[in-house]
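Notes follow the structure.
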Amino acid sequence: MVGLPNNSNSCVMTQWHQLFNNQSTSRSAHACAHWQDVERLGLPNAKHEDWKYTPLEGLWAHSFVAASTRQVNSALRDSLSLTLDAWRLVFVDGCFVPSLSDSDTGPWQIEVEQGSNHHPLPEPIQPEVFLHLTESMSSEIAYIRLPAGRVAASPLYLLHIGQGGDNKETLTSLHYRHHIELAPGAQGHIIEHFVSLDHQGHFSGARTSIVVSDNARLSHIKLAFESRASYHFAHNDIRLSHNAEMRSSTFILGAGLTRHQTSVQLNGERADLSINSLLLPSEQDISDIRTYLEHNKGYCLSHQLHKVIARGSGKGVFNGLIKVAKHALKTDGQMINNNLLLDQLAEINTKPHLEIYADDVKCSHGATVGYIDDEQIFYLRSRGIPRQDAQQMLLYAFAAEIIEAINNKTVRDIVLSRIDNILQGTVV
């Protein structure tokens, strides 16, 4: 068992159990099986290797409660939404809200299922207790499908709105479960956006499984912009088939404690994967990003670039593994983690690693940790640029490689604006 029994653990497990039991009586066998895994694993603690850099004492200090019934109207939705030429789906406190969503979603097929009867879901690639918690607590599952050969001209925009309660000692418990599938030859773009309705705390569990079929192409962007008082635990599972392509970019610029796990299986030859991420833990934030990648077939490409900017007492954590199967010949896999410390109390923990069981492959990994170069600051200041502006220019240059990979100008601009607000201390 990962977690050790103590009073705090027992209290949290009791609250979770009550939340699970208070759900509809039509709980599925799927949810019940995952709840059994939650009880079997227990709560993680710092003695476990995967959790020693991500302290959870602050999370356990809260009480977990169900979401309230506070209404979100269209004006409030629009104030939180990106202004995009996109088909929009809106989820509030883990639930799909048709009245706030577009009725026309173009070529995308949307089906939201509740209760005990739902389509089968793929097994988790790298399960752990928070994944099982979201699978068991999700009140519904959103199935999103792009049919064979269809090319979506505009993005599908998934807006997730979370709200906290009035009591600062409690956390509203929200859980989202999405399954996305691109049929053979389909091409689409999805933007996931997580925001908070207020500055109160909430716990968001986000679970997305993605299947990209033969010759399909998917671009996926995740914007985690929730309030600093919140907690965000996410698990993305991705499976790529023959000649499939996926570009994934994640921006962790929000919750006080975020842990984001991406697990991938390249199950068809000539699959092509790119995973980028940018984290900016500030003040006492903790941003933890993890990747697990299986090269199961030959002639596949994977490229990962993860960057962390830590300021104040913020802590960044990266853990990445590339695993090459015995017969995955001609694999080309790269994983890079670059980290920048802005203050003496900022902290970075990084662990990229490889497991290679095949010959004739090209794999590499690397990590760097450093401070802003004083000589670069001096050079810019000698050109009449104030110190704060010079530092900001260097930060943008550090992040540019990931931001410029975004193919949507509106999203690029909102990411830059969010970074600017964090650096100025206006994000709460």
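I'd like to check something: does segment 101-120 contain any residue that is modelled with pLDDT of 90 or more and under 24 Å from Ser227 (Cα atoms)? For segment 101-120, residues modelled with pLDDT of 90 or more and under 24 Å from Ser227 (Cα atoms): present.
For segment 1-40, residues that are modelled with pLDDT of 90 or more, surrounded by 15 or more Cβ atoms within 10 Å (Cβ to Cβ) and under 21 Å from His62 (Cα atoms) total 9.
Which residues, taken from segment 67-95, are among the hydrophobic types (A, V, I, L, M, F, W, C) and either surrounded by fewer than 16 Cβ atoms within 10 Å (Cβ to Cβ) or in a helix (DSSP H, G or I) (or both)? Outline the logic, then answer.
Pass one, segment 67-95, residues among the hydrophobic types (A, V, I, L, M, F, W, C): 67, 72, 75-76, 80, 82, 84, 86-87, 89-92, 95.
The answer is Ala75, Leu76, Leu80.
Scanning for something touching a His at 6+ places or on another chain (Cβ under 6 Å), among the polar types (S, T, N, Q) and modelled with pLDDT of 90 or more, does segment 337-353 turn up at least one residue? The answer is yes; a qualifying residue exists. No other residue among Thr105, Thr134 is open to solvent by less than 40 Å² (accessible area, probe 1.4 Å), assigned to a loop (DSSP other than H, G, I, E, B) and not basic (Lys, Arg) apart from Thr105.
Within the option set Gly149, Gly164, being part of a loop (DSSP other than H, G, I, E, B) and open to solvent by less than 20 Å² (accessible area, probe 1.4 Å) holds for one residue only, Gly164. One residue stands out among those in segment 326-340 that are within 22 Å of the chain's Cα centre (by Cα) and among the hydrophobic types (A, V, I, L, M, F, W, C): the one that is most open to solvent (accessible area, probe 1.4 Å), which is Ile336. Considering only residues that are open to solvent by 10 Å² or more (accessible area, probe 1.4 Å) and part of a strand (DSSP E or B), look in segment 196-217 and name the one that is nearest to Asn408 (Cα to Cα). Selected residue: Arg217. With respect to the conditions (1) open to solvent by less than 70 Å² (accessible area, probe 1.4 Å); (2) farther than 21 Å from Thr54 by Cα, Arg381 falls short on a single one, namely (1).
Across segment 291-309, the qualifying residues are those that are in contact (Cβ under 8 Å) with a residue 40 or more places away in the chain and within 18 Å of the chain's Cα centre (by Cα), and the one among them that is surrounded by the most Cβ atoms within 10 Å (Cβ to Cβ) is Val308.
The values are calculated or read from the model by the stated rules, or taken from the named source; none is laboratory data. Because the structure is a prediction, the values reported are computed rather than measured. Cβ: placed from backbone, ideal geometry, glycine included. Neighbour counts: every protein chain shown. These accessible areas exclude ligands, DNA and RNA; they are computed on the full protein's heavy atoms, side chains included. Shrake-Rupley method; radii C 1.70, N 1.55, O 1.52, S 1.80 Å.
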